[in-house]
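Since the structure comes first, as structure tokens, the remarks are kept for the end.
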Amino acid sequence: MSVALALYALATVDAAFCGYRAAAGRSALIAKRHYYQRAMLRGALWGQVAVAAAAGALLAFVLSSSEPTEAWHKLYAAGRRMLIVYLPYAGLILVAFAARAVPSVDVRSLTSTLVFGPMTLLRPFVAVAGMGWAIASSQDPLLGAIGIGVLALMLSMETLLGLRYRGSAWDPEAEAASDRCAAGAPGSGLPRER
Amino acid sequence: MRDEDEISDLIVRFDAVTLQRLPVRKHDVLTAFTAAGNERAARIVSAMPERDGVLVPEAVDRLLVRVHCEMQRISEEFQHGHRVAELLRPLLEALRVQGVERPLRVVDVGCGTGFVVRWLAARGGLGADVELIGADYNRALVDEAARLAASEGLAAQFVNANVFTLTEPATVFLTTGVIHHFRGPDLVEFFRQHEQPRAAAFLHFDFQPSVLAPFGSWLFHAVRMREPLARHDGVLSAVRAHTAATLLEAARRGSPGYSTAMYSTRLGFLPIPRSFHTLVGVRPGLRAAFMEKLGQRADRMGPFA
């Protein structure tokens, strides 16, 4: 159960950061705390949908198996392998966040230069490595198919969350009216692109 | 250092005197990039909308506003507002000690959508005697900067003007990521225009060229930027940024009335170059007061000349 809880926590936090990255670079205001809080909450909530979909598929995998206990053990072993890959990555990010709390321009910039930037670049590879190891070790085609589906969700989450900011789907002035977090990018001062 | 044009250098043109927007023929831009062997830039430009062979100004402006928004995200991540304030506050204190005429007018040259000026207005704590002005040749960017400032109630002005010809002269000139756009004699000419009677100092922030800069710039533009133009120009900016020696020589030739030095080129005592370095120019009479007000950070200042 602790393996499942740890993976759930990681998935939720990862989805929240997907929400953050999807929103970043789209609002040119200076005060954006609420804008980012909402984006992260949105990411975490959509993450629950993805987690629920994955949990449903995995539950069906266990219940439809002729050997449910063995299927559960396979899942547990796969989850542990994923954690072995994902936890050091998450730990490094956590340490960088702790360092970013230091009120120093240099320290904060270094966290981006050494950790946040490179780790964002590596995230898809880490995601594939963890899932790939879990799938390969399970030697179960059905579990492999579910794993690939979950991986696709993980890797497409940021893009999917970013869809709301594109074109006319997003009304920056309405967002500004709610908490003064207007968005500059898609041309609120310029004619809208259709 | 390469003398290669960025896309944003070629897709907009303005009359230097009237600042009137001039039409840019798409074919000319494509030809320029193809001739320079920059097929990637040509592909990016070829996707831009045209009308009668001319790049559509409104579409170009929308793109540039989006690109500036993405650039702001990186500036925020790398604490650029704090970086500017760290130098500007002691500089303004030194100016007050010297009894310089008020208001102290800080002008951001080529401000784009005005991130630095708006950040300083919101978080800079510079004092009531400081006027913050952003200026840019591109009216669309200036209008967007003004709109953003108004929406947050920030005390900053944005003007579509050549700052060196403003009727209300600047006390401090400021730029971020602008000076590498001036090459050769244009760079010296840029500094020559700083020689105005009321101007007391300038702070020019730009990428610092190093062995690691192109890779670091590529990495951050790959993971943080969405617009292909932003990715292309951002990486090229780091590649063609001026060395400290080039900046100092040009500044000393163009504006000999200032003492100039490079600030914060290395990370502490480590031999690690910073992503950005700053060209600092102050009137000679201001130098001692400025260094005193910098306090411990004075260690980061290179030798003045």
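The values are calculated or read from the model by the stated rules, or taken from the named source; none is laboratory data. Bear in mind that the values here come from a model prediction, so they are computed numbers and not experimental data. No Cβ is skipped: glycine too gets one built from the backbone with ideal geometry, and neighbour counts run over all protein chains shown. We work out accessible area using only protein heavy atoms, side chains counted, and drop any ligands, DNA or RNA first. Shrake-Rupley method; radii C 1.70, N 1.55, O 1.52, S 1.80 Å.
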- Query: In region A:99-114, which residues are of a type in the set (A, V, I, L, M) and either modelled with pLDDT under 90 or assigned to a helix (DSSP H, G or I) (or both)?
  - Reply: A:Ala99, A:Val105, A:Val107, A:Leu110, A:Leu114
- Message: Filter region A:1-28 down to the residues that are crowded, with 18+ Cβ neighbours inside 10 Å and not in a helix (DSSP H, G or I) and list them by number.
- Response: A:Ala24, A:Gly25, A:Arg26, A:Ser27, A:Ala28
- Message: Of the conditions (1) touching a Lys or Arg at 6+ places or on another chain (Cβ under 6 Å); (2) closer than 19 Å to B:Arg252 by Cα, B:Leu187 satisfies every one except a single condition; which number is it?
- Response: (1)
- Task: Run A:Val126 past the list (1) more than 14 Å from chain B (Cβ to nearest Cβ); (2) surrounded by fewer than 18 Cβ atoms within 10 Å (Cβ to Cβ); (3) among the aliphatic types (A, V, I, L, M); (4) under 15 Å from A:Ala11 (Cα atoms) and report the number of the one that doesn't hold.
- Result: (1)
- Any hit, region B:56-78, residues being open to solvent by 20 Å² or more (accessible area, probe 1.4 Å), modelled with pLDDT of 95 or more, more than 14 Å from chain A (Cβ to nearest Cβ) and closer than 23 Å to B:Arg224 by Cα: no
- Query: Do you know which of the residues in region B:169-190 that are open to solvent by 10 Å² or more (accessible area, probe 1.4 Å) and over 10 Å from the mean Cα position of the chain (by Cα) is modelled with the lowest pLDDT?
  - Reply: B:Pro169
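Within region A:29-46, how many residues are touching a Gly at 6+ places or on another chain (Cβ under 6 Å), within 14 Å of chain B (Cβ to nearest Cβ) and open to solvent by 20 Å² or more (accessible area, probe 1.4 Å)? Walk me through how you get there before you give the answer.
Looking only at region A:29-46, we keep the residues that are touching a Gly at 6+ places or on another chain (Cβ under 6 Å), and these are A:39-40, A:42-43.
Keeping just the survivors that are within 14 Å of chain B (Cβ to nearest Cβ) gives A:39.
Filter once more, keeping what is open to solvent by 20 Å² or more (accessible area, probe 1.4 Å): none.
Going through region A:29-46 one residue at a time, the tally reaches 0.
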- Just give me the residues in region B:178-224 being in a loop (DSSP other than H, G, I, E, B), of a type outside the set (D, E, K, R) and closer than 29 Å to B:Glu101 by Cα, in sequence order. B:Val178, B:Gln193, B:His194, B:Gln196, B:Pro197, B:Ala199, B:Ala200
- Message: Tell me yes or no: at least one residue of region B:1-22 is of a type in the set (Phe, Trp, Tyr) and either in a helix (DSSP H, G or I) or within 11 Å of chain A (Cβ to nearest Cβ) (or both).
- Response: no
- Item | Output for region B:233-252, where each listed residue is buried (at least 21 other Cβ atoms within 10 Å of the Cβ) and either farther than 12 Å from B:Asp206 by Cα or in contact with a Pro (Cβ under 8 Å, 6 or more places away or on another chain) (or both) | B:Asp233, B:Val235, B:Leu236, B:Ala238, B:Ala241, B:His242, B:Ala250, B:Ala251
- Message: Checking B:Leu248 against (1) without any contact (Cβ under 8 Å) to a residue 60 or more places away in the chain; (2) among the hydrophobic types (A, V, I, L, M, F, W, C); (3) within 12 Å of another protein chain (Cβ to nearest Cβ), only one condition comes out false. Which one?
- Response: (3)
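Can you name the residue in region B:205-230 that is away from chain A (no Cβ under 12 Å) and at pLDDT 95 or above and is also surrounded by the fewest Cβ atoms within 10 Å (Cβ to Cβ) among such residues? Give the steps one after another, and end with the answer.
Initial filter on region B:205-230 (away from chain A (no Cβ under 12 Å)): B:205-211, B:214, B:228-229.
Applying the additional criterion that residues be at pLDDT 95 or above yields B:205-206, B:228-229.
Working: B:Phe205: 23, B:Asp206: 21, B:Pro228: 17, B:Leu229: 23.
For region B:205-230, the residue satisfying everything is B:Pro228.
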- Query: Could you give every pair whose Cβ atoms fall below 8 Å, whose first residue belongs to region B:38-54 and is at negative phi, and whose second residue is among the aliphatic types (A, V, I, L, M) and in a loop (DSSP other than H, G, I, E, B), counting only separations of at least 6 or pairs across chains?
  - Reply: B:Val45/B:Ile11; B:Met48/B:Ile11; B:Met48/B:Val56; B:Pro49/B:Val56; B:Glu50/B:Val56; B:Val54/B:Val24
- Item | Residue under evaluation B:Phe164, criteria (1) modelled with pLDDT of 95 or more; (2) over 24 Å from A:Pro118 (Cα atoms), criterion not met | (1)
- Task: Evaluate the following for A:Leu87: is it out of contact with any helix residue (DSSP H, G or I) (no Cβ under 7 Å at 6 or more places or on another chain), over 17 Å from A:Gly147 (Cβ atoms), assigned to a helix (DSSP H, G or I) and in contact (Cβ under 8 Å) with a residue 40 or more places away in the chain?
- Result: yes
- region A:60-84, residues that are under 13 Å from A:Val150 (Cβ atoms) and more than 16 Å from the chain's Cα centre (by Cα): A:Phe61, A:Leu75, A:Ala78, A:Gly79
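If you go through region B:97-107 one residue at a time, do you hit one that is within 30 Å of B:Arg226 (Cα to Cα), more than 9 Å from chain A (Cβ to nearest Cβ) and not β-branched (Val, Ile, Thr)?
Just the residues of region B:97-107 that are within 30 Å of B:Arg226 (Cα to Cα), to begin with: B:107.
Applying the additional criterion that residues be more than 9 Å from chain A (Cβ to nearest Cβ) yields B:107.
Then keep just the ones that are not β-branched (Val, Ile, Thr); that gives none.
Checked region B:97-107: no residue is within 30 Å of B:Arg226 (Cα to Cα), more than 9 Å from chain A (Cβ to nearest Cβ) and not β-branched (Val, Ile, Thr).
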- Query: How many residues, within region B:130-158, are more than 13 Å from every other protein chain (Cβ to nearest Cβ) and open to solvent by 40 Å² or more (accessible area, probe 1.4 Å)?
  - Reply: 3
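Applying the selection to region B:120-149, what residues are within 30 Å of B:Val60 (Cα to Cα) and touching a residue at least 40 places away in the same chain (Cβ under 8 Å)?
So in region B:120-149, the residues within 30 Å of B:Val60 (Cα to Cα) come out as B:120-122, B:132-149.
Within region B:120-149, B:Tyr137, B:Asn138, B:Arg139, B:Ala140, B:Leu141, B:Glu144 meet the criteria.
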- Within region A:91-123, work out how many residues are over 27 Å from A:Thr159 (Cα atoms), more than 10 Å from chain B (Cβ to nearest Cβ) and surrounded by 14 or more Cβ atoms within 10 Å (Cβ to Cβ). 1
- Qualifying positions in region A:129-145 - in contact (Cβ under 8 Å) with a residue 60 or more places away in the chain, open to solvent by 30 Å² or more (accessible area, probe 1.4 Å) and within 16 Å of A:Gly56 (Cβ to Cβ): A:Leu142
